[in-house]
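Here the structure is laid out as structure tokens; the discussion comes afterwards.
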Amino acid sequence: MLKSSYKKKSQHELIILAQNDDYKALEELIKSVQKTVYTVLEYLVSNKSNILDLTQNVLIKMSRGIKTLKEPEKFNTWLNRIISNVYFDEMRRLKNRCYCISIDDEECREIMDDKNIPPPDKCAASEIDKAVKQSILGLPEHFKVAIILREFGGLSYQEIAEITHAGIGTVKSRIARARTRLQNELKHCI
């Protein structure tokens, strides 16, 4: 099959092909989700130097486990569970470590493409983005995970409840409280 024909396939078709050892389909599937994985982790992780490694970890786990996915239509939920597990593993690993922050630290390279955005708009968007990320990182852990899975992962309340092992009512409450805190903290940006 030609490589360009894989770009025309739906995510569901790519998953089925990848489960049947079609490595070109798996490659295309990885390309289609890597930006989303990076973005979700970017909002979860405060240490930006780890985001690329964690993204790679998630994509490797996804690649290795794709054959175990029984319901391809639940791929996004399954992928977000992998992201959450990798994040929580990283949090446990770093729990007792000291953090050193260098003033010379450079931002991670951006995966997103913003060629046609005028410089003043880029600057304003960048400042707002930094404020939003900083506010999200300041949320309590259970609020942060719930709001990120909902807003950036696109998961339903039920899916978030399954991933976080919490009731739907608890998930709704956490998301509502997270939104309220973010609105209050970001009033000056709007």
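Where a number appears in this text, it was derived from the coordinates with a stated rule and is not lab data. Just so it is clear, the model here is predicted, and its values are computed rather than measured. Here the Cβ is made from the backbone with ideal geometry for all residues, glycine too, and neighbour counts use every protein chain on show.
With viscosity set to 1.567 mPa s and temperature to 4 °C, compute the Stokes-Einstein D of region 1-42, Rh being the Kirkwood radius across alpha carbon pairs; µm²/s, no decimals.
Working: Rh = 10.6 Å.
It diffuses with D of about 123 µm²/s by this estimate.
Can you grab the distance from the C-alpha centre of region 1-72 to the C-alpha centre of region 148-172, Å, no decimals?
21
Grab the Cα-Cα distance for HIS165 and ASP53, subtract it from 0.36 nm times how many residues apart they are, and report the gain in nm with one decimal.
Values: separation 112, 0.36 × 112 = 40.32 nm, distance 2.60 nm.
This chain segment gains 37.7 nm when fully extended.
With a Förster radius of 30 Å, plug the Cβ-Cβ distance of ARG92 and LYS67 into 1/(1 + (r/R0)^6) and report the FRET value to the nearest 0.05. Please list the in-between numbers first.
Details: r = 27 Å, r/R0 = 0.90.
Calculated transfer efficiency: 0.65.
Set the bar at 21 Å for Cα to Cα. Now go through LYS35/LYS144; LYS9/LYS31; LYS61/LYS144; LYS7/LYS48; LYS61/LYS133 and name every pair that lies beyond it.
On the way: LYS35/LYS144 19 Å; LYS9/LYS31 13 Å; LYS61/LYS144 23 Å; LYS7/LYS48 30 Å; LYS61/LYS133 26 Å.
Distance filter (> 21 Å) returns LYS61/LYS144; LYS7/LYS48; LYS61/LYS133.
In nm, give the distance between the simple-model label positions of LYS7 and GLU27, each being 7 Å from the Cα along the Cα-to-Cβ direction.
Reported label-point gap for LYS7 and GLU27 is 1.4 nm.
Give me the one-decimal nm value for the distance between modelled label points at VAL132 and SER173, 7 Å along each residue's Cα-to-Cβ direction.
2.8
On a full-extension model of 0.36 nm per residue, what is the gain between GLN19 and ASN85, subtracting their alpha-carbon distance, rounded to one decimal in nm? Don't skip to the answer; put the middle values down first.
On the way: separation 66, 0.36 × 66 = 23.76 nm, distance 2.17 nm.
Stretched out fully, the GLN19 to ASN85 stretch lengthens by 21.6 nm.
Bin width 5 Å, origin at 0, all Cα-Cα pairs of region 8-102: what percent of pairs per bin?
2, 13, 24, 22, 15, 10, 7, 3, 3, 0
Kindly identify region 127-175 as rounded, prolate or oblate by the Cα gyration tensor criterion: order the square roots of the eigenvalues as a ≥ b ≥ c, call it rounded if a/c is under 1.5, otherwise compare a/b with b/c, prolate if a/b is larger, else oblate. Write down the numbers at each step before the final one.
Numbers: a/c = 2.99, a/b = 1.98, b/c = 1.51.
It comes out prolate by the Cα gyration axes.
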